[in-house]
Structures are given as structure tokens and as C-alpha cells.
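Enquirer: Below are the C-alpha cells for one structure; questions will follow.
The values are calculated or read from the model by the stated rules, or taken from the named source; none is laboratory data. Owing to the predicted nature of the structure, the values given are computational and were not obtained by experimental measurement. So basically every Cβ, Gly included, is an ideal-geometry build from the backbone, and we count neighbours across all protein chains shown.
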Amino acid sequence: MNTPVACNPGAELARVVRRHALGWLVAANVVGLWLAADLVWPQLGDLAAPFTYGRWMPLHLNWQLYGWCALPLVGLLLKGMLDAAHPAGVTHARIALGAWSLALALGGVAWLAGVTSGKLFLDWHGWARPVLPLAMVVLWTVLAAHTWWRRRRDAAAAQVARWLGLALLVAVPPVLYWASGRDVYPAVNPDSGGATGASLLGSTLGIVAIFGLLPLLLGRPTCNLIGYKSAGWFWGAWGLSVVGWAVIDHGNASHHAVGQIVGLGLLLAWVPLLAWWWRAHDWSAAGRRWMHAALVWWTVLVGSGWVTFLPGISERLKFTDGLVAHAHLAMAGLVTSVNGLILTELDPARPILRGFGLWQGAAAAHVGVLAVMGWIERDATNYYTGAAWVQVGYGLRLAAGLLMGLASLQWLRETRRA
């Protein structure tokens, strides 16, 4: 029998985190559907003037990144650092999550009003520039207070880990505020040749580190003898990969350079390594479905990412829908599956699973359509003249997006009923 949510602080925390995370996923998807429809019927933009396509786009991108992509990780922090014995722990979590959601709502108002830095994913500008950093300060304060309250009950190693984590997190709000400024670097940098093997490898290894920490942060035990010995191998391999990243050329390095190609190719080893690491831990039945989906998306993402970096292929797909497909492969495919795993494991007794197949199938169709459109594009004027194949492609994309939106709405409704 399920424990009533009101009597189970862990389940109540999971429900609060789910509502905020899935709420922003639905909101971002609604904006995404509007943008997709606007591409099929450009005249729709006239109906929403002066809220043009360019004003809606930051809402879709930033609500996905800072809302759906970020809040499950915030939930992990709250789960790992809140004092379970504190009677107001869940209330404090509500305050932190409420401040975060308020920041995203205020950001949306600013972006629709045209108040933006023009920098992708760093659109915080003008009066809205400090709102998310301030929300992060609220979250940090809650985490620090609970770390202090539980200090006498925690083991020494756990205390050190928590205070070290807080020391790292305290730098995030000022760095975000600083990086959002137009005077840090231009929105379009003429001195940059774009993504290099070193930059892509470095950022992805950071994501691998987060993925590696998930079993620990979620409290998932190892499920076999190999699992007890796997931590050293996993983190040792990660350390060697970081060394590989350190020794290849950095800065404005060409994707024709062999060192860049080989360096980025190190990520191919992480296809089996991540699968081996995750499968060495014990997950709930629903969590395993999300884990397996994430591993499939991870395999496709890493493999296709390396191939599209190669000379000849990169030039063909650059600035086409092929790169849009790759972005959705990462966000709608991999990140959503990982977040489904996180939100499910926060409360395995109430898994997020209904609509799982609908999302996965629609996301695959969405990515596939955009990938094909990017590959066959030869002349960008087809997009401006409304060529038949462009209309068909964007129509299929809109249909797939609608199915994804329905799946996300179903997840949110189930969470609200829990």
C-alpha cells in the first residue's frame, strides 16, 4: 500500500519538484508548438504582433534549459541536502522552487517585451538580468541552512562533501550574472570558428560527470559484485578522458585537424562505459525503462555528434535543420529521458511512465524529419519560397511536436493527481 503523500516528506518533495519541472516542460512545449505552427503558416505571426517569432524563441529555449532541464537537478540537490528531520523541509523546498519559477516567469515577460542580451541561453538582460541569480541565492541559502542543521548527525565525509558542494555552487549566481552581460563577449563572435573538438569534448565530459553521479545522488545501490568495483574504473576512465581533453589544442582549432577529430572521438568510449556504470546499479522497474531510453539516445547522440563533426559533413549540415535535429536529439531525447529517470526515482512508488512511448516515438520522428531536411537542403531559398518538401517537413514536425506536448501534459496531470 502506498504511503499517503502527506505523511511522507520524501514523496511530497518529489511531487513538488515534479510539478515545477513538468509545468515548465509543458509551458516550453506550448511555445514550441506556436513556433512550429508559425513556420508552417507564417501569416500567424501577424496575429501575435508585436510578439514576433524572435521574441517567442527565448521563451522556448530558456524555459526548456532553465526550467525542464534544470529543475530535476535542483530536485536532486534538495533530496540530498535537506534535513529530513526538519518539520519545514518541504516548505523550504517550495520556497526555493517558487523563487526559481518566478524568475522564469519574469524572464518570459522580459523576453516578450524585447529585453534580451541577444546571447543564446544567456538572454537575461536589463531589469531581468539579476532575477535568476537571485533565485539561485534563495536555493543556496536553503541548502546551506539545512546542511548546517544536520551537521551533528551526518558522518564527517558526508559533511565535507556537502560543504564542498556548497562552496562550488556559491559561484554559480555571480558567474551567470557576469556571463549574461553584453560586455563579456559579443552575441556573435567574429573571432570564433564555432564549436571545436576540444570544446565539445570538455562540455560533454562535464555532462558525463553529472550522469556518473546520478546513482549516488539518487541513493541507488549497486546490484552485483561488479558494481562494487566499478566506481574506480568509471572515474578513472573519466580522469583519463579529461587528460585527453587537456592535451589537445584549445581555442580556434579547425575541425579538419586530426587531433580535434581523435579527441572528440574519445566520447565514443563512453557509450558502453555509461551503460555499464548505470546498469551496475539497482533501479526501479519504471526507472529502468527511462534509463534504457536514455542510453539509446546517448548512443545516437554521441555517434551522430562525432560523425557530423567530420570535414565535409559538418559543412553540409552547418546552419541547417540538421543541427536543429541534433539539438532536439540531445534535449528532447537524452535529457528528457534522464529527467524521467530522476523524477521517477525521487518517488519510485509513483512512477512517471504513462505517455512514455508516445513521447519517445514522437521525439524520434521529430528528430528524424529535421535530420532529413537538413541533409537534403541545397538552397536556403526553398525555405523562403515555401517549397512543397519544406512545408511537408515542417508539417510533420508540428504533428510530432503536438504528440510530445500531449505526452508532457499527461505527465503533469498525473503528477497533480498524485
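Enquirer: Among (1) part of a helix (DSSP H, G or I); (2) in contact (Cβ under 8 Å) with a residue 24 or more places away in the chain, which single condition is H256 missing?
Expert: (1)
Enquirer: Would you pick out the residues in region 15-47 that are in contact (Cβ under 8 Å) with a residue 12 or more places away in the chain and either farther than 19 Å from L409 by Cβ or β-branched (V, I, T) (or both)?
Expert: Selection gives V16, V17, V26, V30, V31, D38, L39, V40.
Enquirer: So T336 passes all but one of these: (1) farther than 18 Å from H60 by Cα; (2) among the hydroxyl-bearing types (S, T, Y); (3) buried (at least 24 other Cβ atoms within 10 Å of the Cβ). Which condition number does it fail?
Expert: Condition not satisfied by T336: (1).
Enquirer: Something else now. Name the pairs: first residue in region 101-129 and in contact (Cβ under 8 Å) with a residue 24 or more places away in the chain and more than 11 Å from W63 (Cα to Cα), second residue surrounded by fewer than 14 Cβ atoms within 10 Å (Cβ to Cβ) and of a type in the set (A, V, I, L, M), Cβ to Cβ under 9 Å, at least 6 apart or on different chains?
Expert: Final answer for the pair search is S117/A187; G118/A187; G118/V188; K119/V184; K119/A187; L120/A187; L122/V184; L122/A187.
Enquirer: Here is a further query. Within region 347-418, considering only helices (runs of 4 or more DSSP H) that don't extend past its boundaries, which have at least 1 residues that are in contact (Cβ under 8 Å) with a residue 40 or more places away in the chain?
Expert: Values: elements: 356-376, 381-385, 388-417.
Hits in region 347-418: 356-376, 388-417.
Enquirer: Determine, yes or no, whether A332 is among the small types (G, A, S), part of a helix (DSSP H, G or I), under 17 Å from the mean Cα position of the chain (by Cα) and under 19 Å from I210 (Cβ atoms).
Expert: Yes; evaluated as a whole, the condition is true for this residue.
Enquirer: Oh, and also: In this structure, does A36 turn out to be surrounded by 17 or more Cβ atoms within 10 Å (Cβ to Cβ) and either modelled with pLDDT of 95 or more or not hydroxyl-bearing (S, T, Y) (or both)?
Expert: Working: surrounded by 17 or more Cβ atoms within 10 Å (Cβ to Cβ): yes; either modelled with pLDDT of 95 or more or not hydroxyl-bearing (S, T, Y) (or both): yes.
Yes.
Enquirer: Continuing with this model, one more query. Return yes or no: is T52 surrounded by fewer than 17 Cβ atoms within 10 Å (Cβ to Cβ) and under 30 Å from A388 (Cβ atoms)?
Expert: yes
Enquirer: Separate question: Suppose the filter is under 26 Å from G75 (Cα atoms), in a helix (DSSP H, G or I), at pLDDT below 90 and over 25 Å from the mean Cα position of the chain (by Cα); does G227 pass it?
Expert: Numbers: under 26 Å from G75 (Cα atoms): yes; in a helix (DSSP H, G or I): yes; at pLDDT below 90: yes; over 25 Å from the mean Cα position of the chain (by Cα): yes.
Against the criterion (under 26 Å from G75 (Cα atoms), in a helix (DSSP H, G or I), at pLDDT below 90 and over 25 Å from the mean Cα position of the chain (by Cα)), G227 qualifies.
Enquirer: When region 58-70 is examined, which residues are found to be closer than 14 Å to A135 by Cβ and under 9 Å from the mean Cα position of the chain (by Cα)?
Expert: Selection gives Y66, G67, A70.
Enquirer: Take region 347-366 and flag every residue that is touching a helix residue (DSSP H, G or I) at 6+ places or on another chain (Cβ under 6 Å), surrounded by fewer than 20 Cβ atoms within 10 Å (Cβ to Cβ) and at pLDDT 95 or above.
Expert: L358, A365
Enquirer: Oh, and also: Can you work out which of the residues in region 206-224 that are in a helix (DSSP H, G or I) and at pLDDT below 90 is surrounded by the most Cβ atoms within 10 Å (Cβ to Cβ)?
Expert: Looking only at region 206-224, we keep the residues that are in a helix (DSSP H, G or I), and these are 206-217.
From what is left, the residues that are at pLDDT below 90 are 216-217.
Numbers: L216: 13, L217: 16.
Filtering first and then ranking leaves L217.
Enquirer: Can you name the residue in region 157-205 that is over 20 Å from Y66 (Cα atoms) and of a type in the set (S, T, Y) and, of all such residues, is modelled with the lowest pLDDT?
Expert: Step by step, filter region 157-205, then rank; the result is S192.
Enquirer: Still on this structure: Hey, among the residues in region 310-346 that are among the β-branched types (V, I, T) and in contact (Cβ under 8 Å) with a residue 12 or more places away in the chain, which one's farthest from L295 (Cα to Cα)?
Expert: Within region 310-346, the match that is farthest from L295 (Cα to Cα) is T320.
Enquirer: Here is a further query. So in region 135-169, with the set limited to residues that are among the β-branched types (V, I, T) and within 23 Å of A105 (Cα to Cα), which one is surrounded by the most Cβ atoms within 10 Å (Cβ to Cβ)?
Expert: In this case the residue turns out to be V142.
Enquirer: Which one of these is touching a His at 6+ places or on another chain (Cβ under 9 Å), small (G, A, S) and surrounded by fewer than 19 Cβ atoms within 10 Å (Cβ to Cβ): S314, S254?
Expert: The conditions single out S314.
Enquirer: Keeping to region 153-163, report how many residues are within 12 Å of L143 (Cα to Cα) and either touching a strand residue (DSSP E or B) at 6+ places or on another chain (Cβ under 9 Å) or without any contact (Cβ under 8 Å) to a residue 40 or more places away in the chain (or both).
Expert: 1
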